[in-house]
1. Go through (1) modelled with pLDDT of 95 or more; (2) of a type in the set (Asp, Glu); (3) surrounded by 20 or more Cβ atoms within 10 Å (Cβ to Cβ) for residue 77 and report which single condition fails.
2. Taking residue 199, is it of a type in the set (S, T, N, Q), buried (at least 18 other Cβ atoms within 10 Å of the Cβ) and on the phi < 0 side of the Ramachandran plot?
3. I'm checking my understanding of the structure. Among residues of the range 106-118 that are modelled with pLDDT under 95 and not in a loop (DSSP other than H, G, I, E, B), which one is nearest to residue 175 (Cα to Cα)?
4. Of the residues in the range 144-162, how many are over 26 Å from residue 68 (Cβ atoms) and among the aliphatic types (A, V, I, L, M)?
5. Here is a check on your reading of the model: is residue 72 of a type outside the set (Gly, Ala, Ser), modelled with pLDDT under 95 and in contact with a Pro (Cβ under 8 Å, 6 or more places away or on another chain)?
6. Got a sec? Which of 134, 170, 182, 154 is farther than 30 Å from residue 231 by Cα, of a type in the set (D, E, K, R), modelled with pLDDT of 95 or more and under 14 Å from the mean Cα position of the chain (by Cα)?
7. Report the residue count in the range 217-253 for those that are exposed (fewer than 10 other Cβ atoms within 10 Å of the Cβ) and in a helix (DSSP H, G or I).
8. With 45, 34, 57 as the choices, which residue is at pLDDT 95 or above and in the same structural domain as residue 164 (by TED's automatic domain parsing)?
Amino acid sequence: MAGIQFWPEMTGLDETLLKRMESFKQVVPIFTNVIFDTSQPHANVVFTDMFSWLDQVLKVIKAHPETLFVIRAHPDESRPGKASQESVAEWVQERGVDSLPNAVFVKPDEYFSSYEMIQRAKFVMIYNSTIGMEAAIMGAPVLCAGKARFTQLETVFFPQTRAEYMAQLEEFLTSEKVSAPEVHRLNARRFLYFQLFRTSLPFDHFLEPDGIWPGFVRLKDFSPQDLLPEHSPTLKAISEGLLQGGNFLLPEV
């Protein structure tokens, strides 16, 4: 969802949460995804789906009262015009997660900074959300449960079986300190650069916000000549990819 502004503002962690964090030995944020995301069928290589993973994580939460787990819903979960019909918020309510003394649920429309939470975390848990890559760039250890674009490189801890994942999670929770190797940060930076400046094809010449729903677009008025490969780097990359076996990448500058 690059380029979409989900929130009108971003705030720091509030005093109530900060005081609650201080009463625990350690803090572990859990960043979820949206179940309808197109990445999900590809992500489910260790767990059946994200909710299957969350059910296993819930058992761990109950077994570790010394740890405060902060479950953060993805902001796209309640976006107008695209709200999820199967949400983490519903899962939290059905499982009674909010009643646990060592669990906090952050709704998708709560605007506090995830980055400040990452800075205070012992390690970070994700399913396959992009914030895992951002956390890796920040130097945080990231435990990933689902296949993501960035798991093609060594950017996060990504156990390949459910048993290995649960064992790694337990090890992280009981270790005095968890550190990420420097290669995670370097690879995450490289991956983000490639994603932003080589693989992302800009269509801003042809599309504009529809003015109704955040993240929805409509066609602009443009000349048919603008669609010729020689007039658009984006269309050139697509044309060469389809007709000449190209790699659909923008040229490096």
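The values are calculated or read from the model by the stated rules, or taken from the named source; none is laboratory data. Treat the numbers as computed from the prediction; the structure is a model and nothing was measured. Methodologically, a virtual Cβ is constructed for each residue, glycine included, from the backbone with ideal geometry; neighbour enumeration extends over all protein chains shown.
1. That leaves (1) as the condition not met.
2. It is false that residue 199 is of a type in the set (S, T, N, Q), buried (at least 18 other Cβ atoms within 10 Å of the Cβ) and on the phi < 0 side of the Ramachandran plot.
3. 117
4. Taking the range 144-162 as the starting set, the residues that turn out to be over 26 Å from residue 68 (Cβ atoms) are 147, 149-154, 160-161.
If we keep only those that are among the aliphatic types (A, V, I, L, M) too, we end up with 153.
The number of residues fulfilling the criteria is 1.
5. Working: of a type outside the set (Gly, Ala, Ser): yes; modelled with pLDDT under 95: yes; in contact with a Pro (Cβ under 8 Å, 6 or more places away or on another chain): yes.
Judged against the criteria, residue 72 is a match.
6. That would be 134, the only listed residue that is farther than 30 Å from residue 231 by Cα, of a type in the set (D, E, K, R), modelled with pLDDT of 95 or more and under 14 Å from the mean Cα position of the chain (by Cα).
7. Of the residues in that region, 4 qualify.
8. 57
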